[in-house]
Amino acid sequence: MNVYDFDNTIYDGESCKDMFFYLLKKDLSLLKLAPVVLYAFAKYKRGKITIEKAIEKYAPKIENYFQKKSYLLTDTVEFWDRHMQKIKGFYSVQQRPDDLILTATPEIFMEEVCKRMGVKNYIGTTVDTDVGKITRICLRENKIKAFFENYPDGKIESFYTDSPKNDFPLIEIAENAYVVKGNKIEKIK
């Protein structure tokens, strides 16, 4: 099995940030969340926040929005109609049927893009849309936990990421590991 991070690896950019700004254009009430989302995103990118702190401090501020499931499904389809061109070309060339995308992006957003790309296996941040509660943030150390919860005997042939620092535990267990920067892929293990 080959495992891929999504943002800045297969997708050219940060899909959650792009989705947030896409939704903001449609729903200006999200403007009040912009400072919180941008601040949390900046802290995460600098490695200044743990998963536990992110959930505790920032998740409650955005969880109410996830209760709008019917809107999110429609908006997600429309978002991917406009953003599929940001899927990097290298992926379709080497894609295999047993690939797994392992990402911090919520699964409710990943479902549509994975269907379009023909990817059956994906794990991301999970949200209980009935109550709007984030139940798992799938980043850093939580990625490897999620991987083994879903694939207890899983073996990673090749792992692709844009961030060796954040995905170090997955690099450790992979037979081969690659860093993706733009359209360049460099073997690091």
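The residue that is farthest from ASP81 (Cα to Cα), among those in region 1-33 that are touching an Asp or Glu at 6+ places or on another chain (Cβ under 8 Å) and of a type in the set (Val, Ile, Thr), is VAL3. Residues in region 88-124 that are surrounded by fewer than 19 Cβ atoms within 10 Å (Cβ to Cβ) and touching a Ser or Thr at 6+ places or on another chain (Cβ under 7 Å): GLU107, ILE108, GLU112. In region 48-56 there is no residue that is surrounded by 12 or more Cβ atoms within 10 Å (Cβ to Cβ) and either farther than 25 Å from PHE148 by Cα or modelled with pLDDT of 75 or more (or both).
If you scan region 71-130, which residues turn out to be farther than 14 Å from ASP7 by Cα, in contact (Cβ under 8 Å) with a residue 60 or more places away in the chain and of a type in the set (Lys, Arg)? Those that are farther than 14 Å from ASP7 by Cα, in contact (Cβ under 8 Å) with a residue 60 or more places away in the chain and of a type in the set (Lys, Arg): ARG82, ARG96. Give the residues of region 57-104 that are over 16 Å from the mean Cα position of the chain (by Cα), modelled with pLDDT of 70 or more and among the acidic types (Asp, Glu), sorted by residue number. Passing the criteria: ASP75, GLU78, ASP81, ASP98. Would you mind finding the one in LYS165, LYS187, LYS143 that is basic (Lys, Arg), at negative phi, in contact (Cβ under 8 Å) with a residue 40 or more places away in the chain and touching a strand residue (DSSP E or B) at 6+ places or on another chain (Cβ under 6 Å)? Residue meeting the stated conditions: LYS143.
Residue count for region 1-30 under the criterion of being in a helix (DSSP H, G or I) and polar (S, T, N, Q): the result is 2.
Within region 15-36, residues that are under 23 Å from LEU102 (Cβ atoms) reach partners that are crowded, with 18+ Cβ neighbours inside 10 Å and β-branched (Val, Ile, Thr) with beta carbons closer than 6 Å, at six or more positions or on different chains, in the pairs SER15/THR105; CYS16/THR105; PHE20/VAL37.
The values are calculated or read from the model by the stated rules, or taken from the named source; none is laboratory data. These figures come from a predicted structure and were not determined experimentally. Note that each Cβ is placed from the backbone with ideal geometry, even for glycine, and that neighbours are counted across all protein chains shown.
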